[in-house]
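Okay, structure first, notes after.
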Amino acid sequence: MTDDALRDDLRELSRMARELVEWEEQLGGTGFPEVAVPTGEALRPRPDVPDVQVSGSDRGDRRPRLAQIAEEAAGCTRCDLHRGRTKSVFARGNPEAEIVFIGEGPGYHEDQEGLPFVGKAGQLLDKMIAAMGYGPDDVYICNVVKCRPPDNRTPLPNESAACLPYLEEQLGLIAPRAIVALGRTAAQGLGLIDETTRGWRGSFCEWRGIPVMSTYHPAFLLRNPNMKRPVWEDLQEVLARLGKAPPGRRS
Ligand code: URA
């Protein structure tokens, strides 16, 4: 390689390193912008974007029926996952939420507490949600399967299928304006992709007329922090679809 070519390569490398540092600075320590007020009120409306219309908006009070199916799930024996369950894990958050996050299935901490996303991945998910401008009580969080798979393995297709009626009824009752599918299993659980689909992340599909953004799971982000950037872009797309912009960063 000539000296000139070497100098060009070094210049290019230093430009890329500078960009990376700037990007990390912009995203803050967690990889997602830290905001001062993590509540839905921090979200800024974007009047230029039309509202997403969701059918079935007059669902009355959905809480009693949600409580009833949570109880059914707690005693469910539709698949073998119930054998290892400490607690079933139905949901946390707001049944009136405009946005629903769907994960794969409970892990150890969730199984112990009976709430989704309360472990390390959940802490990151809460930061992602806060960066969007929502507080934990502004959104609804649930999983494809309601019982912990042994050793935290991926749910088997028959387990996801057995649990699907719970998820379908949850989504039908809440009728959010947007869904975020966290990871391939969530997108598959909703029937949006199959195991052969490549390039599944980062674009909108629809589930019964509701826009669904499939993106990487927070547990994957803990192992691959460089993927936080595309996920943050996906979440901003979701906000834009809802006619909103994320709040300003903490100064
Ligand atoms: N991972 C999931 O997919 N769901 C949880 O509830 C926790 C971790």
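The values are calculated or read from the model by the stated rules, or taken from the named source; none is laboratory data. Only a predicted model underlies this, so the values are computations on that prediction, with no experimental measurement involved. Here the Cβ is made from the backbone with ideal geometry for all residues, glycine too, and neighbour counts use every protein chain on show. These accessible areas exclude ligands, DNA and RNA; they are computed on the full protein's heavy atoms, side chains included. Shrake-Rupley method; radii C 1.70, N 1.55, O 1.52, S 1.80 Å.
Using modelled backbone amide H atoms (1.01 Å from N, in-plane), which distant-in-sequence or interchain residues come within less than 5 Å of residue 244's amide H?
For residue 244, whose amide H was placed from the backbone, the distant partners under 5 Å are 46.
List the lysines whose Cα lies under 25 Å from the Cα of residue 244, skipping any in the same chain that are fewer than 8 positions away.
List returned: 127, 228.
Please list, by residue number, everything in the stretch 121-141 whose backbone N is under 14 Å from a paramagnetic label point 7 Å out along Cα→Cβ of residue 222.
Once the point is set 7 Å along Cα→Cβ of residue 222, 121-128 turn out to lie under 14 Å by backbone N, inside the stretch 121-141.
With every protein chain present, what is the per residue accessible area of the stretch 104-212 (1.4 Å probe, Å²)?
Values: 4340 Å² over 109 residues.
For the stretch 104-212, the per-residue accessible area is 40 Å².
Along the stretch 67-78, what does the Karplus equation 6.51 cos²θ - 1.76 cosθ + 1.60 (θ = phi - 60°) give for ³J(HN,Hα), rounded to whole Hz, x for Gly and Pro?
5, 5, 6, 5, 5, 4, 5, 5, x, 5, 10, 5
If you take the charge dipole of the stretch 105-250 about its Cα centre, with +1 on Lys and Arg Cβ and -1 on Asp and Glu Cβ, which of 147, 124, 196 is farthest toward its positive end?
124
Once fully extended, how much extra length lies between residue 80 and residue 156, figured as 0.36 nm per residue of separation less the alpha-carbon to alpha-carbon distance?
Full-extension gain reported as 26.3 nm.
Please compute the length gained on full extension between residue 229 and residue 245, using 0.36 nm multiplied by the number of residues separating them and subtracting their Cα-Cα distance.
Values: separation 16, 0.36 × 16 = 5.76 nm, distance 1.67 nm.
My answer for the length gained is 4.1 nm.
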